[in-house]
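**Q** I have a structure here, written as structure tokens, and I will follow up with some questions on it.
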Amino acid sequence: MDLVVTIPRKLLRRRFVKETMTLQMGSFATFGIQFLASVVIANALGVPLYGAFGIAWNLFDLVSTVANLAVGQALITRLAAAVSRGDREESSNLIAYSIKIGLIVGLIQAAVGLLGAGWLGALLGYDPRVSELARMLFLIPAFAVAFNTVVLALQSSRQAARLTLLENGVLIGTSVMNAAAVALGGGIQGLIYTTALAPLLASLVALALYNATFQQAGLPSPVTVVRASLRVPIRRYFSFSVWISADKSFAKLIALAPITLLGMLSRESEVAYFRLGYNLMNFLSVPISPIARNLYAALSQVALKQGPGGLGRALGRATILGGLVSVAGSAAMALASPYVLRLYSAEYAPVQFVIYALWLRFALLGFGVGLGPIYQVLNVMKLAIVTKIVPALIMLGVGWTVIGQHGAVGAAWTLVSAYLVGDLVNALLVPWLLRRAAGTR
């Protein structure tokens with residue numbers, strides 16, 4: 001009986017556990033709002049238009065992923081280490097670099113999308129009307145630069161409460177805006193406009209929050225960051241960040257492949273079925289994503305203070321925790337899905353088969369919670385990219401045949417197979433990397 005009380009008490013004393021729980025509580029509240037918004041949007045648009053929006057978003061996502069060679073969360077471990085050391089100059093340079101590269105890439109993406117969305121869609125065989133819908137979405141990366149940079153700064157300085165407030169507040173606001181736009185008669189066009197403009201509002205809120213909290217968080221002032229952005233050269237961090245971002249982009253391309261192939265080889269309705277089924281199963285990202293994201297900063301600091309031995313123990317605990325969460329959560333959703341789908345119109349009934357097909361992928365999801373952070377902390381990002389080659393070949397090669405014949409269910413089967421191979425490779429590789437790191441210390 002004492003263990004029942006003592007173990008949770010000891011866990012709650014750990015900063016990592018408390019921060020993760022803070023992020024998770026906010027994420028669960030947000031998921032509830034997002035779920036209700038998805039019900040409103042899917043029922044109001046109907047299967048064909050919901051599928052058309054999925055293809056338009058996929059086109060934007062493809063271009064954004066290919067362009068993301070030095071932006072995003074690539075700098076988090078370095079920034080976390082700089083904040084931990086109290087190195088304000090390095091912190092300023094890293095944040096300034098994120099802003100500078102983000103703006104450059106964002107503006108290029110906006111130009112490519114606004115001028116070439118139709119051509120890109122035709123290249124993939126998409127309906128020209130869907131490609132036109134995607135044009136406005138290409139403004140998102142430029143609008144979101146400030147928001148993404150503030151999230152990076154708060155995450156690196158382990159400001160869990162403020163990060164939760166910012167991210168979940170923005171997600172809830174965006175969900176409400178999107179649902180309102182569709183429910184009030186704006187249709188798919190209204191959904192596109194609110195989706196594109198919400199990041200601009202989010203950036204304004206993020207800047208206000210950063211300005212109010214940077215001193216307490218141990219971060220550089222906005223004025224210092226602006227000055228640093230004028231002098232920090234792009235080449236200073238590019239070689240470091242490019243491999244991390246390339247790894248993330250490669251992983252994202254694999255994840256986008258099912259809808260890309262469905263858009264090319266099947267009907268919009270099949271895109272709608274897969275997108276809705278995947279989004280419902282992806283509720284597991286609610287408890288798991290905070291664990292993964294918090295690990296970037298936490299493992300970076302563990303590596304500095306405790307070395308490879310402490311790093312391995314911390315990764316092991318996170319892997320067990322993430323695995324238990326994903327197995328339990330995926331089983332619960334598979335059992336509850338027939339009742340959840342009653343909230344959607346009858347035309348979404350085929351989504352049930354997609355959910356069952358995706359079950360194994362999401363059951364294993366949590367066991368890989370530390371893969372991104374551990375490769376980054378050990379600075380072996382080229383190897384991380386190599387591990388994704390075989391899953392990508394399965395997704396694109398096998399997927400071309402299976403998805404063409406079996407639609408959304410075929411896409412789910414292929415995705416599960418590709419990720420299962422990747423999981424097996426990592427299960428063998430990561431322990432060897434940790435032993436090698438311990439041997440060279």
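The values are calculated or read from the model by the stated rules, or taken from the named source; none is laboratory data. Since this is a predicted model, take the numbers as computed values, not measurements. Virtual Cβ from ideal backbone geometry, glycine too; neighbours counted across all protein chains shown.
**Q** Within region 332-343, is there a residue that is surrounded by fewer than 19 Cβ atoms within 10 Å (Cβ to Cβ) and either touching a Pro at 6+ places or on another chain (Cβ under 8 Å) or of a type in the set (Phe, Trp, Tyr) (or both)?
**A** yes
**Q** Next up: Which residue out of ILE234, ILE192 is closer than 27 Å to GLY173 by Cα and either of a type outside the set (Gly, Ala, Ser) or modelled with pLDDT of 90 or more (or both)?
**A** Working: ILE234 fails: closer than 27 Å to GLY173 by Cα.
Among ILE234, ILE192, only ILE192 is closer than 27 Å to GLY173 by Cα and either of a type outside the set (Gly, Ala, Ser) or modelled with pLDDT of 90 or more (or both).
**Q** Test each condition in (1) farther than 25 Å from PRO222 by Cα; (2) of a type outside the set (Ser, Thr, Tyr); (3) crowded, with 21+ Cβ neighbours inside 10 Å for ALA183 and report the one that comes out false.
**A** With (1) farther than 25 Å from PRO222 by Cα; (2) of a type outside the set (Ser, Thr, Tyr); (3) crowded, with 21+ Cβ neighbours inside 10 Å applied to ALA183, the lone miss is (3).
**Q** Scanning region 39-83 for residues that are of a type in the set (S, T, N, Q) and at pLDDT 80 or above, which turns out surrounded by the fewest Cβ atoms within 10 Å (Cβ to Cβ)? Before you say what the answer is, go through the steps one by one.
**A** The initial filter retains those residues of region 39-83 that are of a type in the set (S, T, N, Q), namely 43, 58, 64-65, 68, 73, 77.
Add one more test, that the residue is at pLDDT 80 or above, and what stays is 43, 58, 64-65.
Details: ASN43: 16, ASN58: 22, SER64: 23, THR65: 18.
Step by step, filter region 39-83, then rank; the result is ASN43.
**Q** Please specify each residue of region 169-194 satisfying the condition of being among the polar types (S, T, N, Q) and without any contact (Cβ under 8 Å) to a residue 60 or more places away in the chain.
**A** If the condition is that a residue be among the polar types (S, T, N, Q) and without any contact (Cβ under 8 Å) to a residue 60 or more places away in the chain, then THR174, GLN189, THR194 are the ones that fit.
**Q** Determine whether GLY116 is within 22 Å of ILE188 (Cβ to Cβ), surrounded by fewer than 21 Cβ atoms within 10 Å (Cβ to Cβ) and modelled with pLDDT of 90 or more.
**A** Considered against the rule, which asks whether it is within 22 Å of ILE188 (Cβ to Cβ), surrounded by fewer than 21 Cβ atoms within 10 Å (Cβ to Cβ) and modelled with pLDDT of 90 or more, GLY116 comes out as no.
**Q** Can you name the residue in region 199-241 that is small (Gly, Ala, Ser), more than 23 Å from the chain's Cα centre (by Cα) and more than 19 Å from ALA81 (Cα to Cα) and is also surrounded by the fewest Cβ atoms within 10 Å (Cβ to Cβ) among such residues?
**A** Just the residues of region 199-241 that are small (Gly, Ala, Ser), to begin with: 202-203, 206, 208, 212, 217-218, 221, 228-229, 239, 241.
This time we only want the ones that are more than 23 Å from the chain's Cα centre (by Cα), so: 208, 212, 217-218, 221, 228-229.
Going one step further and asking which of them are more than 19 Å from ALA81 (Cα to Cα), we end up with 208, 212, 229.
Details: ALA208: 12, ALA212: 10, SER229: 17.
Among those residues, the one meeting the criterion is ALA212.
**Q** Within region 318-349, how many residues turn out to be more than 15 Å from LEU360 (Cα to Cα), aliphatic (A, V, I, L, M) and at pLDDT 90 or above?
**A** 6
**Q** Hey, can you tell me all the residues within region 248-283 that are surrounded by fewer than 24 Cβ atoms within 10 Å (Cβ to Cβ), closer than 22 Å to LEU365 by Cα and not polar (S, T, N, Q)?
**A** Across region 248-283, the qualifying residues are LYS248, PHE250, ALA251, LYS252, LEU253, ILE254, ALA255, LEU256, TYR278, LEU280, PHE283.
**Q** Yes or no: GLN405 surrounded by fewer than 16 Cβ atoms within 10 Å (Cβ to Cβ), under 23 Å from LEU256 (Cα atoms) and either in contact with an Asp or Glu (Cβ under 6 Å, 6 or more places away or on another chain) or not hydrophobic (A, V, I, L, M, F, W, C) (or both)?
**A** In short, yes.
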